[in-house]
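*Asks:* Just passing along the structure, written as structure tokens.
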Amino acid sequence: MMSAVNDTKFTHAVFLLTGLSGHENIHQWISVPFCLIYVISIVGNAVIIFLIKTDPSLHEPMYIFLSMLAITDLGISIGTISTTLGVFLFNSREISLDACFTQLFFIHTFSFIESSVLLLMAFDCFIAISNPLRYASILTLSRIAKMGLVCVMRGVAVVFPLPILLKQFRYCRANFLSRSYCLHQDVMKMSCSDISVNVIYGLFVTICTVGLDSLLILLSYVMILKTVLSIASPGECLRALSTCVSHICAVLIFYTPGIGLSIIQRFGNSSSPLLQIVMGYVYLLLPPTMNPIVYSLKSKQLRARIVRVCYQVKRHFVH
């Protein structure tokens, strides 16, 4: 347990990570689905990035945005895998303050970047449907690169102050974090200093990033629907909307667990703490796992490339 002496800041203190509190006896069994989730997430997203990078026919705006999404998902998975599997497999629970602050920086940064990329993909869908003839001239490679750079810079800029603010605090309360990785919300509750600035800044950042992005995505789909409904043929309407199905799934997978977790934390005072912990894992691990599956199933071009690669690998090992 950490303790405070006057106003001394701790330089060698540690936090203790937690898996599923109260279910430590089955942690090794729980580690099996976690291992499977990480394998699917890391391998799936890495394969998508590799295929899009090496196949010139996939160098289109839609697939470039998909590769950005896969990179952010890969970043989230890599950022949490060491501590999560360390807790569940080896009961390795200690993490230093600096390591904790570094981890939360990358987790939150990649989460905000993913929200931005989903917004760019909504913009891509809107341009493809509303102005198909100018699609290639509007979404050029240079513009896509600039948009991607803005997403990264915004994610880094809004999260960068958080570890700096946390570094100034004294940590004199119980040092048990509620999950197997560090998040800003959990860490700041361990402080015995005034965390008002962190609370206000955290709410401001969430509204200006995830909140604004979700609103703009909703607006894009209102405009997409307006454009599609102006098309005379029902068949053309369905074909146009079918191009957005994968993105709609990705948006629901990303935002639904986050909204559910926020509602439970703010209004579900009587809800089980275990439910909040499980929802936290779902929010962070479901999108990196499901996105490559959804896009692989829904994209004929991507699916064909994956089947071809699997066939070539099979032939290599057979011969």
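The values are calculated or read from the model by the stated rules, or taken from the named source; none is laboratory data. None of the values given here were measured: they were computed from a predicted structure. A quick note on method: Cβ atoms are made from the backbone with ideal geometry, for glycine too, and the neighbour counts reach across all protein chains shown.
*Asks:* What pairs can you find where one residue is in the range 185-212 and without any contact (Cβ under 8 Å) to a residue 24 or more places away in the chain, the other is polar (S, T, N, Q), and their Cβ atoms are less than 8 Å apart, with a gap of 6+ or different chains?
*Replies:* Here the result reads ASP186/SER178; MET188/ASN198, each pair linking the range 185-212 to a residue that is polar (S, T, N, Q).
*Asks:* Would you mind telling me which numbered condition in (1) touching a residue at least 24 places away in the same chain (Cβ under 8 Å); (2) under 24 Å from THR256 (Cβ atoms); (3) surrounded by fewer than 18 Cβ atoms within 10 Å (Cβ to Cβ) ILE224 fails?
*Replies:* (3)
*Asks:* Let me ask something additional. Could you check ILE253 against (1) in a helix (DSSP H, G or I); (2) among the aliphatic types (A, V, I, L, M); (3) at pLDDT below 90 and say which number it fails?
*Replies:* (3)
*Asks:* Among the residues of the range 22-71, how many are within 19 Å of ARG143 (Cβ to Cβ) and within 15 Å of the chain's Cα centre (by Cα)?
*Replies:* The total comes to 6.
*Asks:* Still on this structure, please answer the following. How many of the residues making up the range 128-149 are touching a helix residue (DSSP H, G or I) at 6+ places or on another chain (Cβ under 6 Å) and in contact (Cβ under 8 Å) with a residue 60 or more places away in the chain?
*Replies:* As a first pass, look at the range 128-149 and keep what is touching a helix residue (DSSP H, G or I) at 6+ places or on another chain (Cβ under 6 Å): 128-130, 135, 138-139, 144, 147-148.
With the extra rule that they be in contact (Cβ under 8 Å) with a residue 60 or more places away in the chain, the set shrinks to 128-130, 135, 139, 144, 148.
Residues flagged as touching a helix residue (DSSP H, G or I) at 6+ places or on another chain (Cβ under 6 Å) and in contact (Cβ under 8 Å) with a residue 60 or more places away in the chain within the range 128-149 amount to 7.
*Asks:* With respect to ILE207, determine if the residue is farther than 25 Å from LEU120 by Cβ and not charged (D, E, K, R). Talk me through it step by step, then tell me what you get.
*Replies:* Working: farther than 25 Å from LEU120 by Cβ: no; not charged (D, E, K, R): yes.
So ILE207 fails the test.
*Asks:* Can you name the helices (runs of 4 or more DSSP H) wholly within the range 112-183 that have at least 3 residues being aliphatic (A, V, I, L, M) and surrounded by fewer than 19 Cβ atoms within 10 Å (Cβ to Cβ)? Explain how you work it out, then say what you get.
*Replies:* Working: elements: 135-138, 141-159, 161-167.
In the range 112-183, 141-159 are the helices (runs of 4 or more DSSP H) which contain 3 or more residues that are aliphatic (A, V, I, L, M) and surrounded by fewer than 19 Cβ atoms within 10 Å (Cβ to Cβ).
*Asks:* Moving to a separate point now. Return yes when SER21 is of a type in the set (Ser, Thr, Tyr) and without any contact (Cβ under 8 Å) to a residue 60 or more places away in the chain and no when it is not. Step through it out loud before you land on a result.
*Replies:* Values: of a type in the set (Ser, Thr, Tyr): yes; without any contact (Cβ under 8 Å) to a residue 60 or more places away in the chain: no.
Answer is no for this residue.
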